[in-house]
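This is the structure, below, for whatever I ask next.
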Amino acid sequence: MPERVTARSLRDIPAVEKVVIELGRCDYLPRPVIVALVRRELSAMRAGKNVLDLAAVITRVRASVDDLRLSKIQPVINGTGIIIHTNLGRAPLGPRVLESLSEIAQGYCNLEYDLNSGERGHRANYLEHNLALLCGAEAATVVNNCAAALVLILRHFTGKKKEVIISRGELIQIGGGFRIPDILEASGATLREVGTTNKTTIDDYARAISPNTAMILKVHRSNFFMGGFVASPSTELLVTLVRKKRIPLVEDLGSGAIIATEKAAAIEHEPTPSETLKRGVDLVCFSGDKLLGGPQAGIIAGKARHVAALKREPFFRALRCDKIILAALQTTIDLYLSGETSAVPALAMMQLSNDQLRQRAEKIITRLHELPLRPQIGHGDGQLGGGTLPRSTIQSVTLDFSGDHLSAFAARLRRGTPPVIGYVAAGKFKLDLRTILSRQDEELVTALRSAAQSL
């Protein structure tokens, strides 16, 4: 039988302050956080009557401290080859955007102040003007993400009439398990499905329209594709139908491509807000932090009367963006309008040549010649990510590591400072240089040396 824990042995549990002192300095976490972790571990020990010596207690607390440190939002080196990586913060922001953020964040700004009249002003006037210009729209506005944009649109148009018509082939699931039907339900709308999974006709839409129809919603299949016996009516046919029936047509574009994607890289075309609105759609919504390459935001563009009505909704205030997001998005939009898209990192990554990547790979390998896990130059099939263009891949250059300790090597890289994230393919651990910023090469070499030498 296990030895019975006595009151005296419980008294042998070390004091909180003693454990904190033994831990030493943990500069990456505030002292109150360390103390709270120590208290939690010691309380668990008392509750479980599992008395450990001081060294074992220190080991457990250090593991807890390290786990918490790794959960802190921090820079990582993205070697996955996925440019818009949802789990790694989506689109990185460029130097021009960071300069504007620094200027706005460290002081006051005219967020809602009219410098002309000296009175209270309207938030984001300049940004909304330029967004409309970029999208070829009568008007535009912005909320905190694309799901919020869709909820706002649905809440507004389903105030009296409740039914929203949507094709069964467009009832998609987006990242994090969020589903379009759930968003519709949360907005208070009643879902009216038409057609089948693979085929929907204009007559399906026409038959579904009733006195209770609020709008027709199209959802662009940006994160999956369908092939074979598939059909859906053109936007032009839908526009003709909604004009006749006097109901709005809204399209959720999702990915937010502003330029012709097929010209940026050898990938397929992604519909832009401008071309969609030109076909007669009343409103479009899309993300700011995907192919647009800006901060997280939900952009709404289209008919001026609809945009104005959305901004009058009481719910709009709950979804509005703060000065940081507005400043970052404002600068990103100005880069597009100025023709400086090379300053948008997501677009610049798409356009990097493999020759440029190979030159970087050779320099990195030269500096790692003494390591047992010396890499070789390999091939990668990068992706845009973020639920965009699922059929398109971008040929890339990788650093390939082979050996018997790849799992341990990858784990050491993930737990380093900064963490380095790669992937395993064909029995090799690979780091795709397309998504590793060139300014991170020095940090990457240091991290690879540290991880290899600790094996």
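From the list R40, R46, which residue is modelled with pLDDT under 85 and in a helix (DSSP H, G or I)? Outline the logic, then answer.
Working: R40 fails: modelled with pLDDT under 85.
From the options R40, R46, the qualifying one is R46.
Only one of I153, I73, I77, I104 is closer than 24 Å to A348 by Cβ, at pLDDT 95 or above and under 22 Å from the mean Cα position of the chain (by Cα); which?
None of the other options fit; the residue is I77.
Just to be sure I understand the filter: pairs with C-beta atoms under 7 Å, separated by 6 or more residues or on different chains, first member in the range 403-415 and part of a loop (DSSP other than H, G, I, E, B), second member aliphatic (A, V, I, L, M). Which pairs pass?
Filtered contacts from the range 403-415: G403/L373; H405/L455; R415/L70.
Mind checking whether some residue in the range 112-120 is touching a residue at least 12 places away in the same chain (Cβ under 8 Å) and out of contact with any Pro (no Cβ under 6 Å at 6 or more places or on another chain)?
No, the range 112-120 contains no residue that is touching a residue at least 12 places away in the same chain (Cβ under 8 Å) and out of contact with any Pro (no Cβ under 6 Å at 6 or more places or on another chain).
Considering only the range 209-241, state which residues are over 17 Å from L277 (Cα atoms), modelled with pLDDT of 90 or more and touching a Gly at 6+ places or on another chain (Cβ under 9 Å).
Once the filter is applied, which keeps residues that are over 17 Å from L277 (Cα atoms), modelled with pLDDT of 90 or more and touching a Gly at 6+ places or on another chain (Cβ under 9 Å), the range 209-241 yields only A214.
Let me ask something else about it. For the range 97-112, check the following and say yes or no: at least one residue is in contact with a strand residue (DSSP E or B) (Cβ under 8 Å, 6 or more places away or on another chain) and in a strand (DSSP E or B).
Scanning the range 97-112, I find no residue that is in contact with a strand residue (DSSP E or B) (Cβ under 8 Å, 6 or more places away or on another chain) and in a strand (DSSP E or B), so the answer is no.
Please find, within the range 64-95, the residue that is farthest from L437 (Cα to Cα) out of those that are free of Cβ contacts under 8 Å to residues at least 40 places away in the same chain and surrounded by 12 or more Cβ atoms within 10 Å (Cβ to Cβ).
Step by step, filter the range 64-95, then rank; the result is S64.
Failed condition for E17, given (1) modelled with pLDDT of 85 or more; (2) closer than 17 Å to I58 by Cβ; (3) within 40 Å of the chain's Cα centre (by Cα), with all others met?
Condition (3) is where E17 drops out.
Is it fair to say E275 is outside any loop (DSSP other than H, G, I, E, B), within 22 Å of L384 (Cβ to Cβ) and either charged (D, E, K, R) or not assigned by TED's automatic domain parsing to the domain that holds L152 (or both)? Give the steps one after another, and end with the answer.
Details: outside any loop (DSSP other than H, G, I, E, B): yes; within 22 Å of L384 (Cβ to Cβ): yes; either charged (D, E, K, R) or not assigned by TED's automatic domain parsing to the domain that holds L152 (or both): yes.
So E275 fits the description; yes.
Between a residue in the range 374-396 that is assigned by TED's automatic domain parsing to the domain that holds G81 and any residue that is of a type in the set (F, W, Y) and in a strand (DSSP E or B), which pairs come within a Cβ distance under 7 Å, given they are 6 or more apart or on different chains?
Hits for this filter: P375/F401.
Of all residues in the range 158-180, which are out of contact with any Ser or Thr (no Cβ under 9 Å at 6 or more places or on another chain) and either closer than 14 Å to I216 by Cα or assigned by TED's automatic domain parsing to the domain that holds G386 (or both)?
The answer is I166, I180.
Sticking with this one: Quick test of your reading of the structure: A264 fulfils all but one of (1) over 23 Å from the mean Cα position of the chain (by Cα); (2) over 30 Å from T446 (Cβ atoms); (3) crowded, with 16+ Cβ neighbours inside 10 Å; (4) small (G, A, S). Name the failing condition by number.
(1)
Residues are listed down the side, and each one gets a yes or a no for (1) in the same structural domain as L29 (by TED's automatic domain parsing); (2) touching a helix residue (DSSP H, G or I) at 6+ places or on another chain (Cβ under 8 Å):
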position	(1), (2)
S64	yes, yes
I84	no, yes
Q106	no, no
E112	no, no
N125	no, no
H129	no, no
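Among the residues in the range 246-258, are any part of a helix (DSSP H, G or I) and free of Cβ contacts under 8 Å to residues at least 24 places away in the same chain?
For the range 246-258, residues part of a helix (DSSP H, G or I) and free of Cβ contacts under 8 Å to residues at least 24 places away in the same chain: absent.
One line per residue, one yes/no per condition, for (1) on the phi > 0 side of the Ramachandran plot; (2) surrounded by fewer than 18 Cβ atoms within 10 Å (Cβ to Cβ); (3) modelled with pLDDT of 95 or more:
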position	(1), (2), (3)
L389	yes, no, no
L399	no, no, yes
S402	no, yes, no
A408	no, yes, no
K428	no, no, no
L437	no, yes, yes
E443	no, yes, yes
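The values are calculated or read from the model by the stated rules, or taken from the named source; none is laboratory data. These figures come from a predicted structure and were not determined experimentally. Every residue, glycine as well, gets a Cβ built from its backbone with ideal geometry; the counts of neighbours run over all protein chains shown.
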